[in-house]
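The values are calculated or read from the model by the stated rules, or taken from the named source; none is laboratory data. Only a predicted model underlies this, so the values are computations on that prediction, with no experimental measurement involved. Ideal geometry is used to build each Cβ from the backbone, glycine not excepted, and the neighbour counts take in all protein chains shown. Please note that ligands, DNA and RNA were not included when accessible areas were found on the heavy atoms of the full protein model with its side chains. Shrake-Rupley method; radii C 1.70, N 1.55, O 1.52, S 1.80 Å.
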Amino acid sequence: MTIQRICCIGAGYVGGPTMAVIADRCPEIEVTVVDINQARIDAWNDADLSRLPVYEPGLDAVVGRARGRNLTFSTAVEATVASADMVFISVNTPTKTKGLGAGQASDLRWVEACARTVAKAATGHTIVVEKSTLPVRTAAAIKTILEAAQEDDQQRCFSVLSNPEFLAEGTAIRDLEAPDRVLIGGEDAASIEALAAVYSHWVDEAKILRTNLWSSELSKLTANAFLAQRISSINSVAALCEATGADVREVARAIGTDSRIGPKFLNAGPGFGGSCFQKDILNLVYLCRHFGLPEVADYWESVVALNTWQQHRIAQLVVQKLFGTVTGKRLAIFGFAFKADTNDTREAPAIRICGDLLEEGAQLAIHDPKVEPAQMARDLKQEAAAAADVLSGTGSWALAESVEEAVSGADAVLILTEWNVYRNLNWAELAGRMRKPAWLFDARAVADPAVVRAAGLTLWRVGDGED
Ligand code: UDX
Ligand code: ADP
């Protein structure tokens with residue numbers, strides 16, 4: 001079984017970069033990414049590669065090489081499914097906001113819609129690959145829908161694979177081109193080998209792991225839960241460091257050199273964001289409750305609770321340090337994306353921290369190298385203010401085009417995303433534009449403390465017990 005035509009449903013942060021790399025590495029396979037969102041497809045087809053809908057270092061080069069050769073972006077969902085021998089489902093699966101499992105279970109309506117589209121449009125033998133992060137046993141639901149379609153029309157047959165995505169935003173291209181492993185879960189050996197053959201164009205055979213469907217789905221949730229747990233663990237220690245005079249970076253280095261623990265994912269900060277960690281843990285929690293394991297559910301839920309606490313804690317300490325009130329005060333926010341090198345703001349710590357400060361009546365001047373102001377407005381559930389309204393006591397926000405503009409007249413700067421541009425700022429110059437006493441709250445510990453202090457700023461750094 002040799003794959004000649006791949007269709008990917010969903011042109012988002014996962015589908016777009018993943019298919020671009022597959023097309024780049026497999027020039028003989030026709031790869032078409034489809035989406036119902038016309039504006040998104042238009043942006044993927046933009047002649048100006050700096051305007052792709054997803055910002056990801058290196059993505060423009062990969063798309064530039066493959067687009068128009070064997071990589072196509074289109075809204076013709078059914079026609080593309082009909083001619084494909086492999087269909088990836090890579091649509092959004094946010095946490096449900098209402099109904100059964102609200103706040104925990106994933107909303108599978110888009111996945112189900114895709115399965116129905118495939119059931120209707122596919123021809124011949126079609127391998128359906130589940131790529132979105134999904135709760136365990138979703139593949140079973142997809143299979144049931146497809147099998148019903150197969151009964152109606154014996155000319156067609158389907159097999160379902162789970163192929164979880166482990167790419168991290170900001171390093172997606174590197175993660176896709178040199179993955180630690182590729183995981184393929186399924187029942188039909190020939191289909192598994194067909195997908196493995198796609199990856200083996202550039203991935204070592206030893207790194208392609210085959211499992212059953214459920215193991216593959218559960219591995220994805222568990223990998224993210226373990227990573228997120230490390231962040232909550234180090235953030236809990238950061239709070240203790242601040243209280244006791246230790247420095248969390250020294251602690252992280254000391255524990256990270258233990259080869260059993262390892263050095264990665266030990267950066268204390270404003271808590272984890274992104275589309276995966278919280279959602280996947282909540283899925284795990286939901287699953288555990290469903291299967292009668294409330295203690296296991298509580299254990300994982302505490303990782304999310306600690307993360308939420310850390311974000312509220314940072315907002316609260318900003319208020320406390322600024323004499324107990326930020327009402328009418330201008331605060332410069334550096335970074336709105338959930339991490340550096342992405343324009344994605346899903347679950348960004350900045351949303352909760354800015355939300356708390358707006359509630360306290362602050363006037364926020366928000367700077368981010370890649371996030372659009374329209375996205376900030378959606379996330380903060382509040383339009384940007386035309387002019388600061390200090391007297392009303394109501395919080396407001398405005399976009400700052402530069403860090404200089406953001407800090408002018410501000411009482412404090414908060415660094416919430418570790419963008420490189422925030423690492424070596426001219427703090428002496430910036431401090432000169434601020435109202436005194438001026439503060440830097442460095443929630444990512446990226447600024448040089450000596451330089452910041454020499455500039456006359458009072459510094460708070462996450463996990464730093466020194467005041
Ligand atoms: C994550 C997983 O890493 C990836 O394998 C999976 O496929 C999707 O979810 P992503 O959310 O894109 O990827 O980014 P990641 O680098 O994991 O960062 C997640 C969050 O944790 C970010 O908000 C980041 O700032 C935070 N983080 C990460 C820390 O606070 N400290 C760290 O040490 C590492
Ligand atoms: P992810 O981070 O998982 O890639 P995104 O939200 O960035 O998630 O992308 C998911 C994409 O899937 C969106 O562009 C959305 O329009 C698309 N999508 C959702 N449902 C369907 C569907 N039934 N058919 C085609 N595209 C869909």
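Within the same chain, aspartates and glutamates fewer than 8 places from residue 120 are excluded, and of the rest, those with a Cα less than 15 Å from its Cα are 78, 85, 112, 147, 151, 152, 153.
How much mean residue ellipticity at 222 nm does the chain get from its helices, if each DSSP H run of length 4 or more adds -39500 (n - 2.57) and you divide by all residues, to the nearest 500 deg cm²/dmol?
Details: 17 runs with 197 residues, N = 467.
Theoretical 222 nm ellipticity from helices: -13000 deg cm²/dmol.
Between residue 140 and residue 193, the contour length at 0.36 nm per residue exceeds the Cα-Cα span by 17.1 nm.
Taking the convex hull of the Cα atoms, report for segment 53-177 its projected area averaged over all directions, in nm². If you can, show how the numbers build up before the last one.
Values: hull surface 36.3 nm².
Answer in nm², one decimal: 9.1.
For the chain, the alpha carbon convex hull comes to 155 Å³ per residue, rounded to a whole number. Take the Cα of residue 302, step 7 Å toward its Cβ, do the same at residue 404, and the gap between the two points is 5.0 nm.
Each residue, residue 157 and residue 202, gets one label point 7 Å from its Cα in the Cβ direction; the gap between the two is 3.3 nm. Of the GluC sites (Glu not before Pro) in segment 373-467, the ones in a loop by DSSP (not H, G, I, E or B) with at most 15 other beta carbons within 10 Å are 383, 401, 466. Among the trypsin sites (Lys or Arg not before Pro) within segment 360-467, those in coil by DSSP and having at most 13 neighbouring Cβ atoms inside 10 Å are 381, 423, 435. Length available on full extension from residue 372 to residue 316: 0.36 nm per residue minus the Cα-Cα distance, which gives 17.5 nm. Of all lysines in the structure, the ones whose alpha carbon falls short of 21 Å from that of residue 220, not counting any fewer than 8 places away in one chain, are 96, 131, 143, 207, 264, 279, 339.
Over the chain, accessible surface divided per residue gives 43 Å², non-protein components excluded, 1.4 Å probe.
Listed by chain and number, the aspartates and glutamates whose C-alpha is less than 12 Å from the C-alpha of residue 436, apart from same-chain residues fewer than 8 away, are 411.
For residue 55, the accessible surface of its heavy atoms amounts to roughly 70 Å² (probe 1.4 Å, protein chains only, rounded to the nearest 10).
Considering only protein heavy atoms and a 1.4 Å probe, what is the carbon-and-sulfur percentage of the accessible area of segment 119-164?
Working: 850 of 1810 Å².
The value for segment 119-164 is 47 percent carbon and sulfur by accessible area.
With both labels modelled 7 Å from their Cα along Cα-to-Cβ, the residue 78 to residue 51 distance reads 3.1 nm.
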